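Just below is one structure, and these are the notes that go with it.
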Amino acid sequence: MVKLINFNENPIARGVFYGGNAGAKDAVIFDGGAWMIKFPKTTRHMTNPQISYTTSPLSEYIGSKIFESLDIPVHETVLGVRKNKIVVACKDFTRAKSGGANGGKFLSLPAKTLIPFHDLKNSFMSGDLESYSGTGSETLLDEVLATISGQDDLKSIHGVTERFWDMFVVDAFIGNNDRNNGNWGVLWDNASGAAELAPVFDNGNAFFNKRSLAQMEKRVGDTDAMKNDAFTAVKCAYKYTGLDNEGMLINPFTFISQGENADCGAAVGRFLRSLNFGAVTDIINNIPETVGNLTVMPHIQKAFYIELLRMRLEGLSDVGKGKDIG
């Protein structure tokens, strides 16, 4: 069983700040380095929310561990408690492990700079302003793939195309709909100027993280409802290009089943060869149901996640056999 870390006494890492729209974050010293503490995001801005806070820390942890089980480089994550909330701590991969000065409260400057794909795409598109939409944020799939194959820094890095499609397939498997252009990228070594792919990060928008336990319980055992959640209700961050569906979000399982992209098909094959479903269920089942007076992951939530993943694995296996998903 996973032991949650008590982060309440960990000091703030002075001068270290983390952005993004996924909720509040602390930068703390843990294990001699800087870690980002991601809190569950409040749902009070939502219409008729079923839960008070999202379960995004669990999604981040489980999604990251699934990438790890597939031997895809991913940031290190640890579940814990801070300020009476279940949180996930994500190791800062831009900084070398160091105790720092002044009791570890101050850390050395990052050895590497994270350059999000957003910025690489924005730079690439400036070379052909007539053909592109003019924003690094836009996730039209044709533009994303053109940037991967055409941007000079990306062309110099081995395995970018494979990483993109590996993320596409695993994100479909875990139901992550937020692999936007800011949620993957390149690490630039500040001393040597060498570039490498950053580990996979930001997997918190997976597993329907705004679902209540009551909603999950209602679906488990209902084959049609679970199939809808497993396949029909899933969207990714990327959009179609073309007159018929310009700008529509892609359902990754529909895209995969069409079999029109050879690189995507190769990624499905890698996924099926590498996945150990027993290891995946262990990741989920080894999370405690409670810690102290806090609910971590009740049995029904585990059952819902495992059934979703089982169905999606069967669907992807069908594609591997030349059959339709679902």
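All of the numbers you see were taken from the coordinates with simple rules; none came from a lab. Bear in mind the structure is a predicted one, so any value in this text is a computation, not a measurement. Please note: Cβ atoms are built from the backbone with ideal geometry, for glycine as well, and neighbour counts cover all protein chains shown.
Provide the FRET efficiency to the nearest 0.05 for the Asp189-Asp142 pair, computing r from the beta carbons and using R0 = 45 Å.
Details: r = 31 Å, r/R0 = 0.69.
The formula returns an efficiency of 0.90 here.
Using just its DSSP H runs of length 4 or more, each adding -39500 (n - 2.57), the chain gives a mean residue ellipticity at 222 nm of -10500 deg cm²/dmol after division by all residues. Per-residue Karplus couplings for the stretch 73-78, computed as 6.51 cos²θ - 1.76 cosθ + 1.60 with θ equal to phi - 60°, are listed in order as x, 8, 5, 7, 10, 9 Hz, Gly and Pro entered as x. Over all other residues within a Cβ to Cβ distance under 13 Å of Val88, the charged ones net out to +3, with Lys and Arg as +1 and Asp and Glu as -1.
Once each of the GluC sites (Glu not before Pro) sitting in a DSSP loop with at most 13 other beta-carbon atoms within 10 Å is removed, the chain keeps 10-129 as its longest stretch. On full extension, the segment bounded by Ser126 and Glu162 gains 10.5 nm, given 0.36 nm per residue less the C-alpha separation. Amide H to amide H, with H built 1.01 Å from N, Gly185 comes under 5 Å of Phe117, Ala198, counting only residues 5 or more places away or on other chains.
Summary value for the chain: 18 percent relative contact order, contacts being C-alpha pairs under 8 angstrom separated by 6+ residues.
How much length would be gained if the chain were fully extended between Glu246 and Thr290, taking 0.36 nm per residue of separation minus their Cα-Cα distance, in nm to one decimal? Please list the in-between numbers first.
Working: separation 44, 0.36 × 44 = 15.84 nm, distance 4.56 nm.
Working it through step by step, the gained length comes to 11.3 nm.
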